[in-house]
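Here's the structure we're looking at; comments come further down.
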Amino acid sequence: MPKIKAVKIEINRMKQTSILLIIFTLFTSSIFGQITGRIVESPTEAPLEYATAALYSTSDQSLVTGVITLEDGSFSIDNIGKGNYYLEASFMGYETKTIQSITVIKRSIPVSVGTIALAINSDELDEVLVKAKKSAVINKIDRQVYSASTFQNTQGGSATDIVRNLPSVTINSQGEINVRGDQGFVLLINGKPIQGSPSDFLNQIPANAIERVEMITAPSAKYDPEGKSGLMNIITKKGALNGSFAQINVNAGLPSIENYDNKANTQRYGIDGIYNIKKDKWNISLGASYQRKDISGRREGFVYTIVDGVYTEFPSDGERSFDEENYSGRFTVDFTPNKNNDFSLGFYAGKRDKARTADIIYNNQAYPVGDEDNKIFELTYLNENLRIRRGDFILGSLDYTHLFKNTSTLSGSVLYEFTQLGGPTTNQNLNYPDTENLIQDEYNTNDNPLNGFRTQIDYTLKPFSFGTLETGYQFRTLNNRGDFYYGRRYDYDDDFERVDMFSSDIDLKRNIHSGYVQLTGAKDKWEYAAGLRLEILDRELMLADKAGTTEETLYYNYEKLFPSAQLQYNINESTALKTSYSKRVDRPSAFKLNPFREREHSETLEQGDKNLLPEFTDLVELGITKKLGKSNSLFATAYFKHVENLVNRVNKVYDGPPIDPQDPRFDNVVLDRIYSNVGTGQSLGVEFGANFNLTEKWTNFLGANIYNFKIDGEYDGKIIKGNATQYSFNLNSSYDFTDTATLQFTFNYLSERKTAQGEDSRFYSPNLSFKKSFLENRLVATLQWQNMDMGLLNTNEQRITTSEPNSFFTTTNYVYEVDMVMLNLSYTFRNTKNKSKFIDSEFGKKEF
């Protein structure tokens, strides 16, 4: 009851604060005059946030004052006396535009300068890296913005293919996406957060539909604080012209050069399209996508355990491939009755299937430690393991924005999602080579439905002389249930019998109330932002096993403040310094909270921790951006990250009840894979990007990240300590043969990586693509050679090793397909701008 009362008190305080801010705004707007306007990018008319509007006196050309724009590009200069003025609108990397003859007659009468469109300055780029004659990176006070068109090798692929080229991003052999060495980042689509797994979701978005990617490593308080590595914001293509827009993209892959003796041939093909019509007040968008993306591969492993003086080893080798099929449809209607109001209604539905095949041959043997000749048993068998992850989903959203006459903005948003997640996982152990003889046949359902709801309201006050105030409130609720049935049989003619130790029910309910206040402003050469967010979380986790012997409900809650601050000093037109601080949180998913074991495959059990605590992160950054000559430039950001309640995946030898009472040979050949809080972690690193153009036609971009990671903690009574330096770099090199033909080479490299119990080996991938456009750029063909190897390299493979002295050792080399050849064709039926805006999942894909 005290917790509930505290929640009510805090919510009332937030409401009172918002009311006082609104009253203060209405009062001040009645006594101060103002000059208002909006700064956008030309020709897309996309708003330019953090652009500068500087007001000068016409009489002596002296600077009167200046402000920076809000997220929608709007600005307001207050408390202006009578007189004549001119205004300069500017943003780094864009041409400065001057608005002359601004006359203020009375302080009480506002003056509007309308919309000011800034074009990219190809000759005087301050903080813009250039590739293929288009800006690749724009640095803002709180983010770095990357142009998707820079990476032509991604055409026909997904958003994952784009983000793997960014300096702070790495992707390993398992498809896990890390930002600055951590998976804990939040994905946004057009500024809206999704609750889903970023790696799964990025694989769903066609690369052709993406305009740019924003990396916000130290977000402000107006954003949800989840994600210890910050936010990644995917901006889809959009425009602002009346008319229709239609585009279709098709892609297909050539037959595999190396199929690793997999049972089935890979299939790679897809089609996605979009139709958008915009006329005056209406903007209607339709989109559909189908993608089939298979990858062949193998898994080579060796494991041993030592239990009660018995040494058991089980080397393995066999197929590990992926079949992925996704199709979806989207529909959005935008209605803008006037310049002050905007409505948006959207729906998104689809199905997705991802099947992981692991058909592995094991050669098990056991003997007393040091007595290899005295075999306890030998067993050779084939483990046919198929893990299917399905997800059928539908979601809808409604958004509204109102612009007041004094340029204050009120916006609201409601989103609902239902997702039906599910399995199954099948796990068969067969004698080898006589595979007709069944040893075990196991089955896991993994039914996991999810309901999510989010509502949010934001209010941006009209700018004051000291800056712009923003405030808002958000409520999020999640209900994620899991019905996990695990069955086993020993003969194909028998029915499956329930295995209680692997069968369970869970029910996760999570409610979050949050409110924030944010200040942004600029003065002379300084730009600044500071904010504070209050978050109130209540978590309820119900657990029950199928035998009915265990049933409990666990509660966890907190009320916590999340501050943020950003500061930038523009030394001159080519150099800027910036620093920032942000406090973040990583809330554990239902998967990591589920304490009941799941039989992942023959040698691994996987489980979570019902008492898992959120990770809390403090992040400090110091950066510089610098133009070097006419066309070369660089940026560098040093960062320090401290994580409390660090979550790691740790392994140990299984020590529970018999896995299979009828066959004890499997008890000592199984490892427990557990997610747990293990202590604290610290990262100290620097990331940078450099553009260097060797000739007018040859442009290059190098992005890199190097950091030292320390871990200090314990698990299961054992000390866990680590201290390692690791790095990654991404190279992109493009050569323009003509205005319509470009060759591009990319190279992604990830160094060895120390983990809590071992090491992940280096991982790299070279790629080559050739792009040619026809019919006045309406038809674009891209031929890609992905994961170049030619039998000479060790491309697209990674060895993962973990161990514990006198207990276990495991090493696995994952080898995935190389020398993949793809052809992508893109045709635009009418060369107008795309204004499509789609909603996307916030909840379901985190569990997918």
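Can you find even one residue in segment 353-365 that is more than 30 Å from ILE274 (Cα to Cα) and among the hydroxyl-bearing types (Ser, Thr, Tyr)?
Residues of segment 353-365 that are more than 30 Å from ILE274 (Cα to Cα), as a first pass: 356-365.
Going one step further and asking which of them are among the hydroxyl-bearing types (Ser, Thr, Tyr), we end up with 357, 362.
Among the residues of segment 353-365, at least one is more than 30 Å from ILE274 (Cα to Cα) and among the hydroxyl-bearing types (Ser, Thr, Tyr), which makes the answer yes.
Name every residue in segment 690-721 that is surrounded by 16 or more Cβ atoms within 10 Å (Cβ to Cβ) and more than 26 Å from the chain's Cα centre (by Cα), in order of residue number.
PHE692, ASN693, THR699, GLY713, TYR715, ILE720
Among the residues of segment 84-95, is any outside the structural domain of ASN572 (by TED's automatic domain parsing), in contact (Cβ under 8 Å) with a residue 60 or more places away in the chain and closer than 23 Å to GLY467 by Cβ?
So the first thing to find is which residues in segment 84-95 are outside the structural domain of ASN572 (by TED's automatic domain parsing), and the list is 84-95.
When the remaining residues are screened for being in contact (Cβ under 8 Å) with a residue 60 or more places away in the chain, the result is 92.
Keeping just the survivors that are closer than 23 Å to GLY467 by Cβ gives 92.
Yes, segment 84-95 contains at least one residue that is outside the structural domain of ASN572 (by TED's automatic domain parsing), in contact (Cβ under 8 Å) with a residue 60 or more places away in the chain and closer than 23 Å to GLY467 by Cβ.
Output the residues belonging to segment 577-600 that are touching a helix residue (DSSP H, G or I) at 6+ places or on another chain (Cβ under 9 Å) and within 13 Å of ASN480 (Cα to Cα).
Scanning segment 577-600 gives SER589, ALA590, PHE591.
Among the residues of segment 605-612, is any over 30 Å from GLU714 (Cβ atoms), surrounded by 21 or more Cβ atoms within 10 Å (Cβ to Cβ), assigned by TED's automatic domain parsing to the domain that holds TYR486 and touching a residue at least 60 places away in the same chain (Cβ under 8 Å)?
Among the residues of segment 605-612, not one is over 30 Å from GLU714 (Cβ atoms), surrounded by 21 or more Cβ atoms within 10 Å (Cβ to Cβ), assigned by TED's automatic domain parsing to the domain that holds TYR486 and touching a residue at least 60 places away in the same chain (Cβ under 8 Å), which makes the answer no.
Would you confirm whether or not segment 822-840 contains a residue that is buried (at least 18 other Cβ atoms within 10 Å of the Cβ), of a type in the set (S, T, N, Q), modelled with pLDDT of 90 or more and over 23 Å from GLY287 (Cα atoms)?
No, there is no match, as no residue in segment 822-840 is buried (at least 18 other Cβ atoms within 10 Å of the Cβ), of a type in the set (S, T, N, Q), modelled with pLDDT of 90 or more and over 23 Å from GLY287 (Cα atoms).
Consider segment 274-291. How many of its residues are surrounded by fewer than 19 Cβ atoms within 10 Å (Cβ to Cβ) and in a strand (DSSP E or B)?
Looking only at that region, the number is 8.
Taking segment 730-742, which residues are assigned to a strand (DSSP E or B) and without any contact (Cβ under 8 Å) to a residue 60 or more places away in the chain?
LEU731, SER733, TYR735, PHE737, THR738, ALA741
State which residue pairs qualify: first residue within 17 Å of LEU825 (Cα to Cα) and inside segment 763-778, second residue acidic (Asp, Glu) in any location, beta carbons under 9 Å apart, and separation of 6 or more residues or different chains.
SER773/ASP739
Suppose the filter is in contact with an Asp or Glu (Cβ under 8 Å, 6 or more places away or on another chain), in the same structural domain as VAL169 (by TED's automatic domain parsing) and either buried (at least 17 other Cβ atoms within 10 Å of the Cβ) or outside any strand (DSSP E or B) (or both); does PHE322 pass it?
yes
Check whether at least one residue in segment 27-38 is at pLDDT 55 or above, outside any strand (DSSP E or B) and over 30 Å from ARG539 (Cα atoms), and report yes or no.
Among the residues of segment 27-38, at least one is at pLDDT 55 or above, outside any strand (DSSP E or B) and over 30 Å from ARG539 (Cα atoms), which makes the answer yes.
Consider GLY487 carefully, then state whether it is on the phi > 0 side of the Ramachandran plot, in contact with a Phe, Trp or Tyr (Cβ under 8 Å, 6 or more places away or on another chain) and in contact (Cβ under 8 Å) with a residue 12 or more places away in the chain.
It is false that GLY487 is on the phi > 0 side of the Ramachandran plot, in contact with a Phe, Trp or Tyr (Cβ under 8 Å, 6 or more places away or on another chain) and in contact (Cβ under 8 Å) with a residue 12 or more places away in the chain.
Could you please find all residues in segment 743-758 being assigned to a strand (DSSP E or B) and modelled with pLDDT under 90? Please lay out each step first, then the result.
Initial filter on segment 743-758 (assigned to a strand (DSSP E or B)): 743-750, 753-754, 758.
Result: ARG753, LYS754, GLY758.
Any chance segment 83-100 includes a residue that's within 28 Å of ASN691 (Cβ to Cβ), at pLDDT below 75, in contact with a helix residue (DSSP H, G or I) (Cβ under 8 Å, 6 or more places away or on another chain) and surrounded by 21 or more Cβ atoms within 10 Å (Cβ to Cβ)?
Within segment 83-100, none of the residues are within 28 Å of ASN691 (Cβ to Cβ), at pLDDT below 75, in contact with a helix residue (DSSP H, G or I) (Cβ under 8 Å, 6 or more places away or on another chain) and surrounded by 21 or more Cβ atoms within 10 Å (Cβ to Cβ).
Residue by residue, here is whether (1) among the basic types (Lys, Arg); (2) touching a His at 6+ places or on another chain (Cβ under 9 Å); (3) surrounded by 21 or more Cβ atoms within 10 Å (Cβ to Cβ); (4) within 30 Å of ASN139 (Cα to Cα) holds:
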| position | (1), (2), (3), (4) |
| --- | --- |
| VAL647 | no, no, yes, no |
| ASP655 | no, no, no, no |
| GLY679 | no, no, no, no |
| GLN682 | no, yes, no, yes |
| PHE688 | no, no, no, yes |
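I'd like the residue in segment 385-427 that is of a type in the set (Asp, Glu) and surrounded by 18 or more Cβ atoms within 10 Å (Cβ to Cβ) and, out of all such residues, is nearest to TYR362 (Cα to Cα).
Going through segment 385-427, the residues of a type in the set (Asp, Glu) turn out to be 392, 399, 417.
Checking which are surrounded by 18 or more Cβ atoms within 10 Å (Cβ to Cβ) leaves us with 399, 417.
Working: ASP399: 55, GLU417: 43 Å.
That would be GLU417.
Suppose we keep only residues that are buried (at least 20 other Cβ atoms within 10 Å of the Cβ) and more than 19 Å from ARG299 (Cα to Cα) within segment 763-784. Which one would you say is nearest to the chain's Cα centre (by Cα)?
Ranking the candidates gives ASN767 first.
Sort through VAL113, VAL145 and tell me the only one that's β-branched (Val, Ile, Thr), more than 30 Å from GLN456 (Cβ to Cβ) and modelled with pLDDT of 70 or more.
One residue alone meets the criteria, VAL113.
Of the residues that sit in segment 178-229 and are modelled with pLDDT under 75 and among the small types (Gly, Ala, Ser), which one is surrounded by the most Cβ atoms within 10 Å (Cβ to Cβ)?
Restricting to residues being modelled with pLDDT under 75 and among the small types (Gly, Ala, Ser), the top hit is GLY196.
Are there any strands (runs of 3 or more DSSP E) wholly within segment 438-510 with 1 or more residues that are at pLDDT below 90 and among the small types (Gly, Ala, Ser), and if so which?
448-460, 468-484
Sort out which residues of segment 744-769 are over 17 Å from ASN178 (Cα atoms) and touching a Ser or Thr at 6+ places or on another chain (Cβ under 7 Å), and write them in order of number.
Matches in segment 744-769: GLN744, PHE745, GLN757, GLY758, PRO766, ASN767, SER769.
Within segment 664-685, how many residues are over 16 Å from HIS601 (Cα atoms) and more than 30 Å from the chain's Cα centre (by Cα)?
Adding up the residues that qualify gives 1.
Out of LEU694, LEU613, LEU646, LEU634, I need the residue that is under 30 Å from SER574 (Cβ atoms) and at pLDDT 85 or above. Which one?
LEU634
Report every pair of residues separated by at least 6 positions or lying on different chains whose Cβ atoms are under 8 Å apart, first residue within segment 259-285 and within 18 Å of TYR827 (Cα to Cα), second hydroxyl-bearing (Ser, Thr, Tyr) and not in a strand (DSSP E or B).
ILE274/SER836; ASN276/SER836; SER285/SER836
Go through (1) under 21 Å from TYR814 (Cβ atoms); (2) at pLDDT below 90; (3) hydrophobic (A, V, I, L, M, F, W, C) for ALA355 and report which single condition fails.
(2)
Provide a single number: the residues in segment 563-586 that are surrounded by 22 or more Cβ atoms within 10 Å (Cβ to Cβ) and either outside any strand (DSSP E or B) or in contact with a Ser or Thr (Cβ under 6 Å, 6 or more places away or on another chain) (or both).
5
The values are calculated or read from the model by the stated rules, or taken from the named source; none is laboratory data. Predicted model, so just to flag it, every value in this text is computed and none were measured. Cβ sites come from the backbone with ideal geometry, for glycine too, and all protein chains shown count toward neighbours.
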